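Written out below as structure tokens is the structure these notes cover.
The values are calculated or read from the model by the stated rules, or taken from the named source; none is laboratory data. Model, not experiment: these values are computed from the prediction. Reconstructed Cβ throughout: ideal geometry from the backbone, glycine too, with neighbour counts over all protein chains shown. Accessible surface areas use protein heavy atoms only, side chains included; no ligands, DNA or RNA. Shrake-Rupley method; radii C 1.70, N 1.55, O 1.52, S 1.80 Å.
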Amino acid sequence: MISKMQQAQILNREGRLDDARTLCEELLRDDPGRFEALSMLALIAAQRGDFERAIASYDRAIAINPGFADGYSNRGASFAALNRVIDALANFDRAIAIDPGHAEAHVGRAIVWLLQGDFTRGWREFEWRWKTPQGRAMQAHKGISQPLWLGAEDLAGKTILLHSEKGLGDTLQFCRLAKCVRDLGATVLLQVQGPLVEILEPLDGVSRVVADTQPSPSFDLHCPLLSLPLALKIELSRIPTGTYLRAPPASVARWRAKLGEPSKPRIGLVWRGDSSNAIDHARSLTLAQLLSLLPDRYRYVSLQKDLNEPEQRIVAAHSLDFRLSQDLNFTETAALCECLDLVISVDTSVAHLSAALGQKTWILLPFNADCRWLLDRSESPWYPSATLYRQASRGDWRGVLDRVAADLNRDFASRPG
């Protein structure tokens, strides 16, 4: 017969967080110093986004077991989620002092350094991602046996495979560095997610683009896209910028004809990302939230694919162009973006696409934004055409959209289109 603690662990793995928490609380009533139950309560709180409660539970667990490296690392992650970066770094440092090979603590520390703009330490430390279970699984799946290039070897006359990792947005952001690798004398092959192949085929510096589901051509060296800033020694002050993606002119012309003559400014909207992403609940909002706070004097165009039933009911009651977006791939989305005056998007792939095209792009960010957006700034060194709108507190989309509405009226109210 399994114990209550084992039952709680199973329930947690199954996503039954309330039931797992109830069992842990029962265990703690019987034994307030039950270390495993405290650790599980902290984990559940963090999974629910209650990071203050998670920190309090980790405090109790660490007091019982001061050598609890996982506790320090997880408490560091909770501090990082609250943007308490000094506290986060102190906890990651302590976890690493206890266990120098603690991969998650190293990755957590890397993310905080990158958030602070410390690229020198951050990108090097970020290589620890390959020591995590997820990183090892990805390496095994890729099955690449050629040597890894991190900047040391001369690339003249060599063929190098640059390959994507997970997020579509990551690929769109870092593919710009292919030209820098080509300029070192290499022939560059780019292996990316299937949906991105067509839009990336004209990318400067790349000889061939292949989907990650296809066998790669022969190559001498390889480098993951998110390792390129380390290999190329990219610093915050010298990020390669400018427009590096473009839509086919024929597609742009077709979309201009489809949209017709502008009678008012045309604004593209993206309000949610991929629901399978663990952070999507924090970065996405609902269409109802978005439309309720945006001025109604503009022509809004949905760039969101696969509208669900509640969204379909909402768009039926609003003057929102949504049928245009239902069959879009990335190439057609790029062409449509080029026909708009502005794209407003949450932190998802379309935001990267629009900004990489050099389009005016307003990106809506959660309180604890991805490290690529740094801290406390409204502009992005990665995308000169982007403006960042950050939550002032966790979950505060109203404050974000109030600022967006005010800026829309400032920038577009007097424009006929």
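Remarks
- Pairs where the first residue, in the range 377-395, is among the aromatic types (F, W, Y) and the second is outside any loop (DSSP other than H, G, I, E, B) and open to solvent by 70 Å² or more (accessible area, probe 1.4 Å), C-beta under 8 Å, 6+ apart: Y389/R403
- Among the helices (runs of 4 or more DSSP H) confined to the range 233-305, the ones with at least 2 residues that are within 24 Å of G395 (Cα to Cα) and at pLDDT 90 or above are located at 287-293.
- Out of A77, A88, sole residue that is modelled with pLDDT of 95 or more and open to solvent by less than 20 Å² (accessible area, probe 1.4 Å): A88
- The residues of the range 145-164 that are in contact with a strand residue (DSSP E or B) (Cβ under 7 Å, 6 or more places away or on another chain) and surrounded by 18 or more Cβ atoms within 10 Å (Cβ to Cβ), listed by number, are W149, T159, I160, L161, L162, H163, S164.
So that you can scan it fast, the table gives a plain yes or no per residue for (1) at pLDDT below 95; (2) buried (at least 21 other Cβ atoms within 10 Å of the Cβ); (3) under 30 Å from P217 (Cβ atoms); (4) in contact with a helix residue (DSSP H, G or I) (Cβ under 7 Å, 6 or more places away or on another chain):
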position: I98; (1), (2), (3), (4): no, no, no, yes
position: A110; (1), (2), (3), (4): no, yes, no, yes
position: L115; (1), (2), (3), (4): no, yes, no, yes
position: F126; (1), (2), (3), (4): no, yes, yes, yes
position: K142; (1), (2), (3), (4): yes, no, yes, no
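- Here T286 fulfils each of the conditions (1) under 19 Å from A405 (Cα atoms); (2) open to solvent by less than 20 Å² (accessible area, probe 1.4 Å) apart from (2).
- You will find that of L184, L221, the residue that is open to solvent by 60 Å² or more (accessible area, probe 1.4 Å), more than 18 Å from L353 (Cβ to Cβ) and either in contact with a strand residue (DSSP E or B) (Cβ under 7 Å, 6 or more places away or on another chain) or free of Cβ contacts under 8 Å to residues at least 60 places away in the same chain (or both) is L184 and no other.
- Looking only at residues in the range 187-210 that are assigned to a strand (DSSP E or B), of a type in the set (A, V, I, L, M, F, W, C) and open to solvent by 10 Å² or more (accessible area, probe 1.4 Å), the one that is farthest from S251 (Cα to Cα) is L189.
- Verdict on G117 being under 29 Å from L375 (Cβ atoms), within 22 Å of the chain's Cα centre (by Cα), of a type outside the set (A, V, I, L, M, F, W, C) and not in a helix (DSSP H, G or I): yes
- Taking the criterion of being within 29 Å of the chain's Cα centre (by Cα), part of a loop (DSSP other than H, G, I, E, B) and either free of Cβ contacts under 8 Å to residues at least 24 places away in the same chain or loosely packed, with under 13 Cβ neighbours inside 10 Å (or both), the residues of the range 1-52 that qualify are E14, G15, R16, D50.
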